[in-house]
1. Of the listed peptides 157-168, 283-294, what is their order by residue-averaged count of other C-beta atoms within 10 Å, with the highest listed first?
2. Say R0 is 30 Å: what FRET efficiency, to the nearest 0.05, do Lys283 and Trp352 get from their beta-carbon distance?
3. Starting from 0.36 nm per residue, how many nanometres of slack lie between Asp64 and Arg168 once their C-alpha separation is accounted for?
4. In what sequence do Ile259, Ile321 fall when counting other Cβ within 10 Å, fewest first?
5. With +1 on each Lys and Arg Cβ and -1 on each Asp and Glu Cβ, and nothing else charged, work out how big the dipole of segment 238-317 is about its Cα centre, in Debye to the nearest 20.
6. Just to verify a number: FRET efficiency for Ile321 and Lys155, C-beta to C-beta distance, R0 = 35 Å, to 0.05?
7. From the square roots a ≥ b ≥ c of the eigenvalues of the alpha-carbon gyration tensor of segment 148-234, which class results: rounded (a/c under 1.5), prolate (a/b over b/c), or oblate?
8. Give me Lys134, Lys358, Lys338, Lys227 ranked fewest to most by other Cβ atoms within 10 Å of their Cβ, as a rough exposure proxy.
Amino acid sequence: MLASPPFGTSIPLESPDAAVSHAALTVLPPPESIAHGKLESHDIEGAFLGPMTAESLADVDPLDLVDEILRLKARENATILAHYYQDGEIQELADFTGDSLQLARAATKVTTPTIVFCGVHFMAETAKMLNPEKRVLLPDLLAGCSLADSCPAPKLAELQAKLRGQGRRFQTVTYINSSAAVKALSDWICTSGNAEEIIRRVPEDQEILFVPDRHLGSYLEEVTGRKMILWDGACMVHEIFSVQDLLRLKRRLPDALTIAHPECPANIREHADYIGGTQGMLKYVASFAEPRDFLVATEANMLWQLQHASPRHRYHPVPGITCACNKCPHMARNTLAKLRDCLRDGRPEIIWQPSFEKARAVLERSLL
Ligand code: 13P
Ligand code: SF4
């Protein structure tokens, strides 16, 4: 357990998996740091639905599952960390919920031998890198990230070599949504919570190569005034907010304030009253004493956490171009049933890889 778990109370849940279009998922090969030794190939091929069985696909009472998870958590002496983009039912039973920066820091304070990371692969990998001696489990090994996938380490190494060949002096600043191998090629790691501070740590006489999110990169160019070389990656969730629907919402609720994640493209950010990561959003809405309406341009499960932390306000999801609200299909791979299965079976587990050593040093310098 963590020293002081922040949440104890609960609110009603309203985010079933059914809202996620599984047809939109790309099935990628499992990341190398997953414990292949513990998986049969049919597990991986069958991993579209993860280790779920007929029983877990049937109508299992979520309350029974929660009881089972809590019993297994105690048996395994595990701490559950969950990102704000997980379903409310997972956030509700986590020992700690947070943004990427808080979760990386929280992972270093866990006192139990096992961490179950309810988030995506790069987050669990980060927890492992910062805690080599802990067992780190991830409920679904295919919970990836479009940003991390957009920047393979060999391609980044190629670009760095090309820039060096041109005699350019630069430092590489990498968003935490990236693989360990990419982190190992970096000078700095940033999250939405500390990105401006990290950019300001790069000496003025050096250029900045920013990877992999071009939208966060262009936002950082705006707020810091530093021109950067931007990698061409994007978050598949934040990239598809509908500007038309946002403007329609604004017309319907003229007093509402719009909050947007910096992973959103400029055409969404330009209509926002506040731009910041998920923790920044929580602080921003908490600063309003009177009830307000907020239009929220980030992953839709964030509304659960906003509602939980500042229930006096009303929150409205900004729609995606094809759906009423925008959910991350990678985050949605983690379900209560898979959380139960992973605690019961002790897999999938993040296994230490050679690239972790170098990546760990960059993480520690940047985040701790
Ligand atoms: P933060 O919660 O750190 O803002 O990250 C957002 C995100 O996209 C995580 O995948
Ligand atoms: Fe990656 Fe976007 Fe999903 Fe976050 S919301 S895990 S950045 S695809």
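Please treat every number below as a calculation from the coordinates, not as lab data. Fair warning: this is a prediction, and the values are worked out from it, not measured in the lab. Using ideal geometry, Cβ is built from the backbone for each residue, glycine included, and neighbour counts are taken over all protein chains shown.
1. On the way: 157-168: 11.6, 283-294: 13.6.
My ranking of the peptides, most packed first, is 283-294, 157-168.
2. Efficiency for this residue pair is about 0.30.
3. Length gained between Asp64 and Arg168: 31.5 nm.
4. Arranged by neighbour count, lowest to highest, Ile259, Ile321 become Ile321, Ile259.
5. That gives segment 238-317 a dipole magnitude of about 260 debye.
6. Between Ile321 and Lys155 the formula returns 0.80.
7. The shape class here is oblate.
8. Lys227, Lys358, Lys134, Lys338
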